[in-house]
Amino acid sequence: MKRLLVLAAAVTGLWANAQGYPGSKPIAIVVPFAAGGPTDRVARDLAVALRKTLPGGHFVIENVNGAGGTIGATKVAKANPDGHTLLLWHIGMASTVSLYRKLQFKPLDDFEYLGIVNDVPMTLIGKPQLPATNYRDFENYIRANGGKLNIAHAGLGSASHLCGLMWQSAVNAKEAMTTIPFGGTAPAMTALVAGQVDVMCDQTTNTTAQIESGRVKAFAVTTAGRLASPPLLKDYPSLQEVGLKGFSLTIWHGLYAPKGTPAPVLRQLNEALKRALKNPELIRKQEALGALVVTDQRMEPAGHKAFVAAEIAKFKPLIEAAGKFAD
Ligand code: MLT
């Protein structure tokens, strides 16, 4: 079916219409998680900037959650390659290929790479009732009680799932915590704040406000070193600082189109993305939540694709080592 769509586009001259792109049809940015979470936040902030840099571009956000983001990613991989269905996804593009035996798409073959958008740190957080006020107490509590506690995430292959696996593996918890999957870390955060789940590892774009308000407890950040922004998060140690040698996890988000999208359309989208990433308002919004808009060669399609290929190779052994903590 997909090949027919690409053929039809070529035969019927849709490619010629690339000059008329984007036209009046909305451009859907598929977010493969529930609304209100960190991926959704990046997509909505980016869409505001893209509406200014792609004249006539009517960007809408479409949340398609489930299975750690792979349902939404599959929808885009199989979509009509006319430039009106895009995907905003994070490290899942590189991690899920090592976590799912039957993935419905090939990360490096079924997408056109439009550029990386940002880098986002993660924070290890707990429900307010958790009996720990610093990382050391937190780790000791989990080591002793892990088997009786649960950790929330956004589905197999989500950033929150991967972080939980890597962290439990690094602390060598006696027993794995029970993992509780949600359609995204927005609903997971609601459950954590309500004390219905015990622990989560999530992106600062979703956790900063909750930490600031005291609705959750924070214990550490997942980047190699401490964060410089926002000021609130400077006080939390990195996991390396508290003894987890070599632990470093930063989430990146990339923008994709289905394979076979016409080259002139891809060029227009990549140019619009690069201009959007220079938008001072987008940069400010992201930095206030601990995220950094990219300024390096990953903004280019070739740099984006090479980076994802390297991340696939990097995550494979990490996932295999941590896999024993997966349910
Ligand atoms: C993740 O855990 O992969 C994301 O934070 C989920 C989300 O964006 O909701």
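Only one entry of 123, 133 meets the criterion of being in contact (Cβ under 8 Å) with a residue 24 or more places away in the chain and within 13 Å of the ligand (Cβ to nearest atom), and that entry is 123. Considering only residues in region 155-178 that are away from the ligand (no atom under 13 Å from the Cβ) and of a type outside the set (A, V, I, L, M, F, W, C), the one that is modelled with the highest pLDDT turns out to be 178. Consider region 241-258 and keep the residues that are buried (at least 19 other Cβ atoms within 10 Å of the Cβ) and more than 18 Å from the chain's Cα centre (by Cα). The one that is nearest to residue 108 (Cα to Cα) is 258.
Just wondering, is there one or more residues in region 212-233 that are within 16 Å of the ligand (Cβ to nearest atom), of a type outside the set (Ser, Thr, Tyr) and open to solvent by 20 Å² or more (accessible area, probe 1.4 Å)? No, that holds for no residue. Screening region 85-188 for helices (runs of 4 or more DSSP H) wholly inside it with 2 or more residues that are over 20 Å from residue 217 (Cβ atoms) returns the ranges 92-95, 159-171.
Just one residue in the set 116, 91, 125, 142 is open to solvent by less than 10 Å² (accessible area, probe 1.4 Å) and touching a Ser or Thr at 6+ places or on another chain (Cβ under 6 Å); that residue is 125.
Hey, can you tell me all the residues within region 206-232 that are part of a helix (DSSP H, G or I) and modelled with pLDDT of 95 or more? Result: 206, 207, 208, 209, 210, 211, 212, 213.
Each residue in region 61-73 was checked for being of a type in the set (S, T, N, Q) and surrounded by fewer than 22 Cβ atoms within 10 Å (Cβ to Cβ), and 1 of them qualify. When residue 277 is tested against (1) open to solvent by 80 Å² or more (accessible area, probe 1.4 Å); (2) closer than 30 Å to residue 210 by Cβ, just one condition goes unmet, and that condition is (1). Going through (1) under 19 Å from the mean Cα position of the chain (by Cα); (2) not in a helix (DSSP H, G or I) one by one, residue 278 falls short only on (1).
For (1) closer than 17 Å to residue 113 by Cα; (2) modelled with pLDDT under 95; (3) among the polar types (S, T, N, Q), each residue gets a yes or a no:
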position: 245; (1), (2), (3): no, yes, no
position: 255; (1), (2), (3): yes, no, no
position: 262; (1), (2), (3): yes, no, no
position: 276; (1), (2), (3): yes, no, no
position: 279; (1), (2), (3): no, no, yes
position: 288; (1), (2), (3): no, yes, no
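Scoring residue 76 on the criteria (1) among the aliphatic types (A, V, I, L, M); (2) part of a helix (DSSP H, G or I); (3) more than 17 Å from residue 157 (Cα to Cα); (4) open to solvent by 20 Å² or more (accessible area, probe 1.4 Å) leaves a single failure, condition (4).
Contact annotation: residue pairs with Cβ atoms under 8 Å, 6 or more positions apart or on different chains, pairing a residue in region 179-191 that is more than 10 Å from the ligand (Cβ to nearest atom) with a partner that is in a loop (DSSP other than H, G, I, E, B) and of a type in the set (Asp, Glu), are 179/327. Hey, among the residues in region 51-75 that are aliphatic (A, V, I, L, M) and within 16 Å of the ligand (Cβ to nearest atom), which one's farthest from residue 25 (Cα to Cα)? The extreme case among them is 67. Residues in region 40-56 that are of a type outside the set (Asp, Glu) and open to solvent by 10 Å² or more (accessible area, probe 1.4 Å): 8 in all.
The values are calculated or read from the model by the stated rules, or taken from the named source; none is laboratory data. These numbers were taken from a predicted model, which means no experiment stands behind them. Positions of Cβ are backbone-derived with ideal geometry, glycine not excepted, and every protein chain shown enters the neighbour counts. These accessible areas exclude ligands, DNA and RNA; they are computed on the full protein's heavy atoms, side chains included. Shrake-Rupley method; radii C 1.70, N 1.55, O 1.52, S 1.80 Å.
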